[in-house]
1. Please report the relative contact order for the range A:7-50, taking Cα pairs under 8 Å with a sequence separation of at least 6, and give it as a percent rounded to a whole number.
2. In nm, to one decimal, how far is the B:Arg154 label point from the B:Glu264 one, both placed 7 Å along Cα→Cβ?
3. Which shape class, rounded, prolate or oblate, goes with chain B when its Cα gyration tensor gives a ≥ b ≥ c as root eigenvalues, a/c under 1.5 marks rounded, and past that a/b bigger than b/c marks prolate?
4. Among residues other than A:Leu265 whose Cβ falls under 14 Å from its Cβ, what is the net charge (Lys/Arg +1, Asp/Glu -1)?
5. Based on Cβ point charges of +1 for Lys and Arg and -1 for Asp and Glu, what charge dipole magnitude is obtained for the range B:7-50 about its Cα centre, in debye rounded to the nearest 20?
6. What is the set of long-range amide H partners of B:Val217 at a cut-off below 5 Å, with H atoms built 1.01 Å from backbone N?
7. Distance from the Cα centre of the range A:86-163 to that of the range A:1-75, in angstrom?
8. Antiparallel DSSP bridges in the protein assembly as shown: what percent, to the nearest 5?
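The values are calculated or read from the model by the stated rules, or taken from the named source; none is laboratory data. Since we're looking at a predicted model, the values are computed, not measured. Using ideal geometry, Cβ is built from the backbone for each residue, glycine included, and neighbour counts are taken over all protein chains shown. We work out accessible area using only protein heavy atoms, side chains counted, and drop any ligands, DNA or RNA first. Shrake-Rupley method; radii C 1.70, N 1.55, O 1.52, S 1.80 Å.
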There are 2 protein chains.
Amino acid sequence: MGDEVTIMDVAEAAGVSPSTVSRVINDSAPVSESTRSKVVKAVDDLGYRPNKFAHALRKQTSEVFGVIVPDISNPFFSTLIRGAEDRFHENDLSLIICDTKGELDKEQRNVEMLIKERVDGAIVTSAEGEVDGICRLFEEGIPVIAVDREPTSREITAVLTDDEGSGVQATQHLMEKGCRRIGFIRGPSGISTAEKRFAGYRKSLEESGKTFKPELVAQGDFTFEGGKRAFEELVRLNGREELPDGIVVANDMMAVGVIRKAEELGIEVPEDLALVGFDDILLSRLINPPLTTVSAPTYEMGQIAVDFLLEKVEVDRDMANSRKKVLKTHLVERRSSQYGARRNGY
Amino acid sequence: MGDEVTIMDVAEAAGVSPSTVSRVINDSAPVSESTRSKVVKAVDDLGYRPNKFAHALRKQTSEVFGVIVPDISNPFFSTLIRGAEDRFHENDLSLIICDTKGELDKEQRNVEMLIKERVDGAIVTSAEGEVDGICRLFEEGIPVIAVDREPTSREITAVLTDDEGSGVQATQHLMEKGCRRIGFIRGPSGISTAEKRFAGYRKSLEESGKTFKPELVAQGDFTFEGGKRAFEELVRLNGREELPDGIVVANDMMAVGVIRKAEELGIEVPEDLALVGFDDILLSRLINPPLTTVSAPTYEMGQIAVDFLLEKVEVDRDMANSRKKVLKTHLVERRSSQYGARRNGY
DNA sequence: ATCACTCATGAAAACCTTTTCATATGGATA
DNA sequence: TATCCATATGAAAAGGTTTTCATGAGTGAT
């Protein structure tokens, strides 16, 4: 069935040695035009395709890369993966995608798998702030790039979004829309993305001379249910009368939860409560009201991560030379943040 | 750096031959207890890990598998992938995930990539009804399983959902809810899933003695926008007065489009229009009104596909022996199908 | 004590490339 | 014409396993 045809068969058919065939295929040394054409013809005739395993064994390189993300079904990460995948394919490289489901031991196992597969490099979004996985790859001498989340314990090349700036943008937007009492729903602690968005919120309050009020902040976990619970918490803390008139929610998924819970409680978004999220997932456009959100160039992030990684692999394998790229974000204004629309509008 | 330690180093350290070390590691032949323990110790001491490339070269097997889906960010497929991934990992096998973005040439390229990587087998959801990709794998002698969509042109082992039955379930459900004039929004033609759901709709009408009306059917493409357009088409065909009072929509994504478009047009769901979708994607639960949908055991499908595939690989490589598994679906009742709730309800 | 046989082990081949090193050929230079 | 170089090519080694085949030691039977 499969192609049993080896480089030796080609050599024989072309009347040359295997070495010469190899040279033609890889363009690794000068070959006379006459023999080259003979070899090319033989390759075509026999339908020769190099044996990946032998190649890998000899060259000690798999030409396969790994990508580890916490949740493949999260549109943010699937877009990121697409960016990376497209770039890898452009370079004729293969890709192993790993989904850790946010579990630390699964991340660990995925890392071991990538090591076993002897990938030439990896792009990782750590499940937690701790970066055991990245460290393991590090130890094995496998080039690795962090993406979206910044590892705390180690200097490492990273591609990030400007999360603090995003937090500022979101908060200012609500202020401009006329909100006076702006709350925040946080993401899981220990994740740089979540922390920095919150930092942006505080910074923005400070810059406009407002005092930070702890009762306007609730803890979430980046999930839909977590968003619902966090909003209930805010209602409990402040009462129906003193509710915030605007909330910056650390990601879109939770913001959708807030919309639903508000609906259940008879609180109208955006008339009584304005909302801004982060990530610009597909859902945000489809929900009612459509969600205003801070959008990051996710697809590009994937591409840039690959560029950085390939540079590491091909040019400078020294992992000590780390660098950082922080991508700008932009606000996508939709209806959820049109606070007081009723009053102004009609 | 990396582990340069080879099986020869281990052999030397243990005072045995490489052959013996191999036998211990793979448990491929009897080894005396005394030497076995020596070898095990040496392996531990040196931190030996077999070289994947050499192993693959010698065994002519990569222990890597491929999964090809049209859209990794579609929750249906990411759940499927998770089922497959978990099962592969249980068997200590690696997985290359490919996203064709529904494009035929991308599918083609992904297939070539899997062939290049010499995967031991593949699970494929073809982008189109045509199955060039699957055929290529076939030709290469790579075991392959079709999942979700049934290849038309070739007999092949497949794991499917009972789409016709689902179509019947959905239609009957609307009838039971009191709908009299039930429409259908189709998926892309040529995709077995879409065709069969439509067939179920027709069958259900027939069984209850209703006549099929072409003006109640519109063409969609499985996307959100496509759903909106298809609904507009229905409005155009029937006019506001003669609109269907219930629509079976060939997948959830389009159904969400219908909800949005209906909202824009001031048509209330489910009071004036009842809806049922298929797939039970996350979004269906989060939208307002929550969408009634026919749910398939997606995660299990992934697992079963792997089981079938491994059986093919390990037991019976003869691809001529194909078999089919059709999984039962169930209806998840939510608010979008509570037709006339206002009238009956309160 | 010899033969037949089992069982554990080692040597070497095989898997298929790539790459180093050596060689032959031809042309240019002295 | 002899010498030197460059250039194209081939032979062989290396990469790290697994597996076949051979061998040697031990066991039980005659």
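1. Working: 38 pairs, mean separation 19.0, N = 44.
Reported relative contact order: 43 percent.
2. 4.2
3. Values: a/c = 3.16, a/b = 2.72, b/c = 1.16.
Because a/c hits 1.5 or more and a/b exceeds b/c, chain B counts as prolate.
4. Details: positive: A:Lys228, A:Arg229, A:Arg236, A:Arg240, A:Arg260, A:Lys261; negative: A:Glu232, A:Glu233, A:Glu241, A:Glu263, A:Glu264, A:Glu268, A:Glu271, A:Asp272.
Computed value for this residue: -2.
5. Numbers: 5 positive and 6 negative charges, 16 e Å.
Result for the range B:7-50 is approximately 80 debye, rounded to the nearest 20.
6. B:Phe184
7. The two parts, judged by their Cα centres, are 29 Å apart.
8. On the way: 6 of 70 bridges.
For the protein assembly as shown, the DSSP antiparallel bridge percentage is about 10.
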